[in-house]
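J.: Quick one: the structure is below, questions incoming.
Quick note: the coordinates plus some simple rules give every number you see, no bench work behind them. All values reported here derive from a predicted model rather than from experimental measurement. Positions of Cβ are backbone-derived with ideal geometry, glycine not excepted, and every protein chain shown enters the neighbour counts.
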């Protein structure tokens, strides 16, 4: 997402942000893995790298003037 925003691919960045945000659980957390077959998060909570990447991408979208 951040790279999409940095290179002007704002529609792609927004689409990916929407997909990632839709995976957050009921309290806004991401686990370390996602099982697409079962459509659920698996693994440990919370995952700081996942959250930092999501926050970094949101910041990149904001800097690009797209948020």
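J.: Which ordering of 31, 21 is given by a fewest-first count of other beta-carbon atoms within 10 Å?
T.: In order of increasing Cβ crowding within 10 Å: 21, 31.
J.: What share of all Cα pairs of the chain, in percent, falls into each consecutive 10 Å distance bin?
T.: Calculated over all Cα pairs of the chain, the distribution is 22, 48, 27, 4 percent.
J.: When only Cα pairs under 8 Å and 6 or more residues apart are kept, what is the percent relative contact order across the chain?
T.: About 37 percent, as a whole number.
J.: What residue among 38, 48, 57 has the largest mean-square fluctuation in a Gaussian network model of the chain, using Cα springs under 10 Å?
T.: 38
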